[in-house]
Every structure is written in structure tokens, then in C-alpha cells.
1. Keeping every protein chain in place, order ARG132, ARG11, ARG65 by accessible area at 1.4 Å, biggest value first, i.e. largest first.
2. Select one label from (i) 54, 42, 22; (ii) 50, 35, 34; (iii) 53, 32, 21: the one whose number is Cα extents along the principal axes in Å as derived from the coordinates shown.
3. What whole number of Å gives the distance from the Cα centroid of region 1-66 to the Cα centroid of region 126-173?
4. Straight-line reach from LYS68: which lysines have Cα under 23 Å away, leaving out those fewer than 8 places along the same chain?
5. I need the GluC sites (Glu not before Pro) found in region 22-99, filtered to DSSP loop residues with at most 16 other beta carbons within 10 Å of theirs.
6. Tally Lys/Arg at +1 and Asp/Glu at -1 over every other residue whose Cβ is under 14 Å from the Cβ of SER12; what's the total?
Amino acid sequence: ATQIFVYSYYRSTLLFKKNSIFYSVIMSLLSYFIVLYLLSFIHANLFIAAVLVSASTLFFIYVFRGLKEIKIEDKIRVGTHSLFAKAIVATVIIIFITEIAKFVGPSWAGLLSSAPSTLLPLILIIHLTYKREHVHSLIKNVPVGYVTLIFYSLAVSFSYPAYGVYIGTFLSIAIAAA
């Protein structure tokens, strides 16, 4: 769902030239929730979930392969007011998604755990501060980051029952980093 979210954001920035940030947020969140709704009908075990996420990740790595890596040449100095405003936006998004999870029940709360609660504020900060092409560079690398998340999640599913939360977390992070 998060990969559909970034794909929708990317496509929306190409489709809507004016007010692309507003429309991109709306379209990407709408796409995200539609995919969550569809995923709510799948009762996946560990194998099915791993295959589904892995296939999606490989697909989006392929889809985003043509996007250019654009470095930020002229770094903008961030003032206190700007930083505070961005922190408030990020906080509101995270609190909103967390609060929704309390009202939708356990199966939807599990689906919402993949919400782009930190990714959306990051995308917004980059989009508001720089250009959409800089956002595209970030989006290109989201599926690549999911490879590590897949390894971490699989490691957690095996290491927590065997070693507990603390050692299991350490082992899972080590496996994902490797």
C-alpha cells in the first residue's frame, strides 16, 4: 500500500502542474486507502505476505528504475519558524494515523501500521522546500528500502519467538543491515 502511495504521489506530480502538492497528497492517500481496503480481504500467512511484498517491491524497483537521482545543489537554510512548522505538520500526520488505528479495529490497525506516517512528512518537506524532481529521487529509492524491511520483518517473525524481543530485535536489525 505504501508503494502504491509513492507511485500515486509520483504520477500526480506529473499530472497536476499547478497545486501539485495538494493534489498529490489527496491522490496518494486515496490510492493508499483503496489498496488497504483491497488488502483487508486477503488473509495472508507469513509466506503469502512475504511473497506479496517482495513481488510488489521488485515491481516498483523496476517501475522507478528510469527516475534520475538528482542531488540537492543549493541547500536551503532552514529557519526556526520553518522547522517548527514542518515539525507540526509531521506530528499532526503521525497523530492522525495513530488515532485512526484506535477506531478501526485490529485488522485495519494492522494494515494501518504500514501507513506512510514518516514518509509523507518527508515527501512534503522536500516538495515544499525543493522541486518535484527531488521528490522523485526520494520516491525512486523507497522500494529499495523495502528490501531491508522485508528481511527485518522476516527475521522478527523467527527471532522473537526464539529469543524474545530484545535479542530478537538486535538479531533482526543485524540481519537487515547485513
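The values are calculated or read from the model by the stated rules, or taken from the named source; none is laboratory data. The shown structure was predicted, so the numbers you read here are calculated from the model rather than taken from an experiment. As a convention, Cβ positions derive from the backbone with ideal geometry for all residues, glycine included, and neighbour counts pool all protein chains shown. Ligands, DNA and RNA are excluded from the accessible area calculation, which covers all protein heavy atoms including side chains. Shrake-Rupley method; radii C 1.70, N 1.55, O 1.52, S 1.80 Å.
1. Working: ARG132 60, ARG11 115, ARG65 140 Å².
My answer, sorted largest first, is ARG65, ARG11, ARG132.
2. Structure-derived value, by its label: (ii).
3. 16 Å
4. Answer for LYS68, where 23 Å is the Cα cut-off: LYS17, LYS18, LYS131, LYS140, listed by chain and number.
5. Working: sites: GLU69, GLU73, GLU99; in loops: GLU69, GLU73.
Loop-located and lightly packed - GLU69, GLU73.
6. On the way: positive: ARG11, LYS17, LYS18, ARG132; negative: none.
Overall, the nearby charge balance is +4.
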